[in-house]
Amino acid sequence: MSMSEIPPAPLTDSLRSDIILLSSYLCGQQAVSSVPRPDDRDAELYNHVSTLLTTGNSRNPKASNVNAVVGKTNINSVEFLVFAENARLREDGETGARNLRTQLKTAERIKAAVERDSGRSEPMGERVDVVADKMRGKELLEKWAEDKDSFTFDTHLKDLFDVITSLGNEASLFTFQCFIYRRAYRKVAWRVLEISTHWGTSPFGLIKQCLHQSNLLCKEVDIQLPTQFHQKLQETLELKNHSIPNTDSGDLSIVKYPVNSDNAESWLSIIYKQWHELEVHLLVDKKATETTQAKKDTRKDVPKAEAIHAIVNAMIKLRSLQPVLDHLLSVEGLHKVLADAEAKQYSLRNSTTLPADKADENNVAESEDSEDHDELNLTQKEVDSAQLYPSYATSRLMSAFKNVLGWQYATTYVYAKASHFRGTLKLSRFYYPHGLEPAVFHPKTVTDVLENKLKLESSIPYNTTRILSTTLNAKVHAEAALMSWITTLDEKESACSIEWPIGVSKKSCRLCWELSSCLKQENGLVFQLPGTHSTFYPWIPPPGISDIILLKLRHVLLNACQSFKATHSRQSSTSSAKDHPLVIDSNNSSWGKAEIPIST
């Protein structure tokens with residue numbers, strides 16, 4: 001059946017349910033990825049604020065619930081509205097996992113409740129003002145090492161803006177970064193762990209293998225550092241008579257350095273030395289068992305002040321060395337070595353997992369938000385032999401490396417823009433006071449829609465139980481919630497801003513991107529999103545979206561069901577997308593090298 005023949009009437013019991021079911025069916029499928037528009041500078045501040053809000057806590061160490069920030073800025077004022085994805089509620093009102101058997105047992109009761117309340121309008125959400133306290137922010141910075149161990153999103157939101165408004169001449173960037181990394185260490189540790197374990201061995205060891213086998217084209221790389229850092233770096237590289245700026249030791253300067261076959265391994269060992277610092281302070285060794293070797297894991301206890309200092313210093317140096325690593329990744333043959341190692345790890349992982357029909361019956365943990373997968377967390381659909389593109393293997397590594405540096409970019413940028421926050425600041429939190437109704441589908445509904453109504457039995461292979469599991473993780477995505485809310489503003493208020501920049505800690509999914517296009521066509525509202533990775537994920541339409549737009553979104557899903565074409569996916573952290581002038585603290589200018597482990 002062609003998509004033009006699909007009637008506008010719902011395939012299930014509502015257009016909203018259609019979208020939840022079809023987006024769950026397409027979960028992980030991907031179209032061509034777009035890139036951030038070059039004129040998205042207005043959204044840059046909001047992207048970085050979103051990154052600084054992504055810290056994780058003891059209950060959600062991976063910071064799985066994506067947040068989005070929308071706002072307006074001018075010379076004298078700045079306004080922020082923040083939304084963080086609400087985890088789905090269990091029937092007892094707590095967040096967490098729901099079980100498929102529980103879902104099916106309660107389906108009729110929930111359905112009856114929905115029908116009984118069908119005349120009730122959907123909750124449109126509420127907006128709560130948050131007042132920033134500059135003096136409290138100054139105190140938080142001064143006592144960052146005495147901070148609590150864990151924070152809710154609401155608490156961190158308030159604390160962050162208290163701190164931001166206090167930034168100035170008395171508050172150093174280094175102290176600000178210590179405050180952020182102490183709170184974000186759990187999420188940072190997960191990203192470090194991904195790079196350290198994704199290929200089954202250190203990626204730096206794989207790079208070193210290729211440097212042994214091939215010549216590296218000579219290139220001069222610009223590195224921006226204080227003078228004393230340049231002096232120590234040149235001593236470590238054993239560079240004699242190399243230019244050193246004639247400036248004060250703490251002043252920033254740019255020096256050109258040669259990167260070639262003769263010194264490539266030295267550069268790599270310098271980079272690895274700083275990376276190893278992150279591993280030492282953010283990861284721990286799992287104990288070996290009779291059947292498994294010792295593995296790495298993220299640390300659970302809060303790092304001491306000395307460890308945070310070491311983490312910040314390592315991040316500063318890794319950021320300055322990023323252009324060097326970028327050139328080292330161009331060494332001949334590396335893309336194939338990385339891709340082969342990836343494929344081997346996915347093969348091993350799949351051979352040790354439960355069969356699909358058994359795994360799907362397990363609880364679906366709410367903290368495992370499929371939309372927030374980081375750069376290296378490819379879905380199974382992306383790692384089939386025909387879809388793991390070797391030519392993108394090095395870019396995946398570099399993107400993941402930039403993601404680790406996301407908080408470094410964000411703290412540097414926000415600190416440099418501190419004057420924005422000395423005028424009028426308006427901060428609000430947007431949220432849904434009542435959890436949206438859970439998506440409840442009977443297995444017969446899934447097969448009826450996909451096979452009988454849409455004739456998709458020969459399209460994307462699917463497992464009914466897996467789709468039902470996936471619907472349990474459907475959420476209102478953060479940027480979609482903010483876009484929907486803006487459509488409810490009166491014309492005078494919404495017209496105050498021709499374009500609405502929305503900062504998100506990730507690129508947007510395919511449906512959020514399509515929603516922004518539909519709202520531009522229907523309402524004339526222009527939203528600046530950080531880009532899209534074009535992947536479909538379980539998606540609940542936010543309240544307030546018209547049936548006309550829901551039909552358009554369903555049409556996008558129906559077309560994708562029939563014509564999906566696998567392609568390269570990239571979902572990178574938005575704070576890693578662009579570089580900014582380096583602002584650095586001269587706490588530790590020493591460098592050193594580290595022996596790089598090579599797998600046998």
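The values are calculated or read from the model by the stated rules, or taken from the named source; none is laboratory data. Because the structure is a prediction, the values reported are computed rather than measured. Here the Cβ is made from the backbone with ideal geometry for all residues, glycine too, and neighbour counts use every protein chain on show.
Descriptive notes on the structure:
- The test for being farther than 19 Å from G200 by Cα and either within 32 Å of the chain's Cα centre (by Cα) or modelled with pLDDT under 90 (or both) does not hold for A288.
- Filter result for Q231 (touching a residue at least 12 places away in the same chain (Cβ under 8 Å), more than 28 Å from G200 (Cα to Cα), polar (S, T, N, Q) and out of contact with any helix residue (DSSP H, G or I) (no Cβ under 7 Å at 6 or more places or on another chain)): yes
- Meets criteria (touching a Leu at 6+ places or on another chain (Cβ under 6 Å), at pLDDT 90 or above and either in a helix (DSSP H, G or I) or closer than 30 Å to S330 by Cβ (or both)) for Y409: no
- Enumeration of residues in the range 294-311 that are of a type outside the set (S, T, N, Q) and in a strand (DSSP E or B): K296, D297
- Yes/no for T227 being crowded, with 17+ Cβ neighbours inside 10 Å and modelled with pLDDT under 85: yes
- Meets criteria (modelled with pLDDT under 90 and within 30 Å of Y181 (Cβ to Cβ)) for K105: no
- Criterion violated by E139 - all others in (1) of a type in the set (D, E); (2) under 22 Å from G406 (Cα atoms); (3) in a helix (DSSP H, G or I) satisfied: (2)
- Leading residue by the ranking (surrounded by the fewest Cβ atoms within 10 Å (Cβ to Cβ)) among those in the range 215-224 that are modelled with pLDDT of 85 or more and more than 15 Å from K256 (Cα to Cα): L217
- Each residue in the range 498-509 was checked for being surrounded by fewer than 24 Cβ atoms within 10 Å (Cβ to Cβ) and within 16 Å of the chain's Cα centre (by Cα), and 0 of them qualify.
- Count - residues of the range 220-272 that are assigned to a helix (DSSP H, G or I) and in contact with a Pro (Cβ under 8 Å, 6 or more places away or on another chain): 2
- Residue under evaluation L529, criteria (1) farther than 27 Å from L468 by Cβ; (2) surrounded by fewer than 24 Cβ atoms within 10 Å (Cβ to Cβ), criterion not met: (2)
One line per residue, one yes/no per condition, for (1) under 27 Å from T488 (Cβ atoms); (2) at pLDDT 95 or above:
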site	(1), (2)
R98	no, no
E115	yes, no
G119	yes, no
D133	no, no
D154	yes, no
T165	no, no
A171	no, no
C178	no, yes
V192	no, yes
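- Filter result for the condition that a residue is within 33 Å of the chain's Cα centre (by Cα) and at pLDDT below 95, over H242, H212, H276, H198: H198
- Residue count, the range 143-197 (criterion: small (G, A, S) and over 30 Å from Q345 (Cα atoms)): 6
- Within the range 447-499, considering residues that are closer than 24 Å to P543 by Cβ, among the β-branched types (V, I, T) and assigned to a loop (DSSP other than H, G, I, E, B), the one modelled with the highest pLDDT: V476
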